[in-house]
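Asks: To start, I am sharing the structure in question, which I have written as structure tokens.
The values are calculated or read from the model by the stated rules, or taken from the named source; none is laboratory data. Owing to the predicted nature of the structure, the values given are computational and were not obtained by experimental measurement. Here Cβ is always computed from backbone atoms with ideal geometry, including for glycine, and neighbour counts include all displayed protein chains.
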Amino acid sequence: MKRPETVAIIGMSKNAGKTTVLNSLIRQLSRRKRLGVLSIGVDGEERDAWSGREKPAIRCDEGMLVVSAASCFNLYPGSFEMIGSCGFQSAMGEILLGKARRGSRIKLAGIPGTGQVQAAIRKLKGAGAELVLVDGAYDRKSLSSPLISDAVILVVGACLHRSLPQVVKKAAELLAILRLPAAPSADRFFHEQAQTEKKVIGVVQGMGEPLPFSTLLEWKEKREAFSSKNWEVLIIPGSLTDRMLRMLMEEGVKARLIVPDATHCFFTHSMLRRFLQWGGAVEVVYPTRLLGVAVNPVSPDGYAFPPSEMKERIAAVAAPLPVFDVVRDPLLEGGWEDVLR
């Protein structure tokens, strides 16, 4: 499999430990390849914007490429060479591309839209970045879309819940969605048709037909127009929810459902499990490539889990993915290279 060129670090909650994981990646990889870094959200500030707690700074080694706001670069005079503008603004001002003249730290201004994130990644690669690291804001799992990142590292922190079993449960639920299987390549044509026509496409014996609605929520209202066929596959251009899965089971529709990617899945793990056990299936056109799971057993709210126990329990639901604690059980020199293979 091709080595990823863009890796997103996704936290399951605020204060999960994304920045610590990002700094670990930078510390080990910046000597081997030209890195680029950007953020969705605001990262690298000294204190969390919500809680006021102190946060670790974003490390920036000499030669690294950074996309951030001009106001953020101005906080570190002389540390960065400005290469140019990315051509758009953020809430913190104009977004620029810079190169570190020396070792420094940096505050990353968040880039709000998917299109702008894609443009910023292209800028970084065009300037010579061999690997782009994207630090995602809390709950912005849109970063897991293969349209933005080639691969994902998930960060699970103790602050997700005061109960370790609940943390493990929530991690297992998200992993189940991120690891949905890829749809057969033969269905890609119907996916493109669904996106172009903004219609659900029904498939029987390899033949696709646009249905008279863009969302499954309209199924009951308009079913008389198409209910005569036993649909084997339904290609959905948008989101898939608990309500939709429940409705299909009530209607007796045991179809294979195909959505663009995991970011379009807004159902719970329990409903997914019910739908699969009932005989349905859910697949994605663009699967998420998960590289591993990082754990942080300490919450800034004043409680912690036993590090080895948390790591073992997350490993049980994440297998065969590697699970690591970059603070208490750091990856050995070269370890991130192994993860990125």
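Asks: If only one of 165, 210, 184 is closer than 30 Å to residue 11 by Cβ and either not charged (D, E, K, R) or not assigned by TED's automatic domain parsing to the domain that holds residue 10 (or both), which one is it?
Replies: 165
Asks: Please work out if residue 238 is out of contact with any Gly (no Cβ under 7 Å at 6 or more places or on another chain) and loosely packed, with under 14 Cβ neighbours inside 10 Å.
Replies: The answer is no for residue 238.
Asks: Output the residue which, of all residues in the stretch 94-107 that are over 17 Å from residue 122 (Cβ atoms) and surrounded by 15 or more Cβ atoms within 10 Å (Cβ to Cβ), is modelled with the highest pLDDT.
Replies: The residue in question is 100.
Asks: Within the stretch 125-135, is there a residue that is at pLDDT below 90 and surrounded by 17 or more Cβ atoms within 10 Å (Cβ to Cβ)?
Replies: yes
Asks: What tally of residues in the stretch 157-177 results from selecting those that are buried (at least 17 other Cβ atoms within 10 Å of the Cβ), small (Gly, Ala, Ser) and closer than 23 Å to residue 20 by Cβ?
Replies: Matching residues across the stretch 157-177 total 3.
Asks: A further question follows. Of (1) within 27 Å of residue 318 (Cα to Cα); (2) in contact with a Ser or Thr (Cβ under 8 Å, 6 or more places away or on another chain), residue 237 satisfies all except one. Which?
Replies: Of the numbered conditions (1) within 27 Å of residue 318 (Cα to Cα); (2) in contact with a Ser or Thr (Cβ under 8 Å, 6 or more places away or on another chain), the odd one out for residue 237 is (1).
Asks: Looking at 119, 91, can you tell me which residue is surrounded by fewer than 18 Cβ atoms within 10 Å (Cβ to Cβ), of a type in the set (A, V, I, L, M, F, W, C), within 29 Å of residue 292 (Cβ to Cβ) and assigned by TED's automatic domain parsing to the domain that holds residue 40?
Replies: 119
Asks: Does at least one position in the stretch 280-292 carry a residue that is exposed (fewer than 15 other Cβ atoms within 10 Å of the Cβ) and either without any contact (Cβ under 8 Å) to a residue 40 or more places away in the chain or assigned by TED's automatic domain parsing to the domain that holds residue 205 (or both)?
Replies: For the stretch 280-292, residues exposed (fewer than 15 other Cβ atoms within 10 Å of the Cβ) and either without any contact (Cβ under 8 Å) to a residue 40 or more places away in the chain or assigned by TED's automatic domain parsing to the domain that holds residue 205 (or both): absent.
Asks: Is it the case, given these coordinates, that residue 243 is basic (Lys, Arg) and closer than 30 Å to residue 152 by Cα?
Replies: When the stated conditions are applied, residue 243 passes them.
Asks: For the stretch 54-101, which strands (runs of 3 or more DSSP E) that fit wholly inside it have 3 or more residues that are free of Cβ contacts under 8 Å to residues at least 60 places away in the same chain?
Replies: By residue number, 65-69, 80-90, 93-100.
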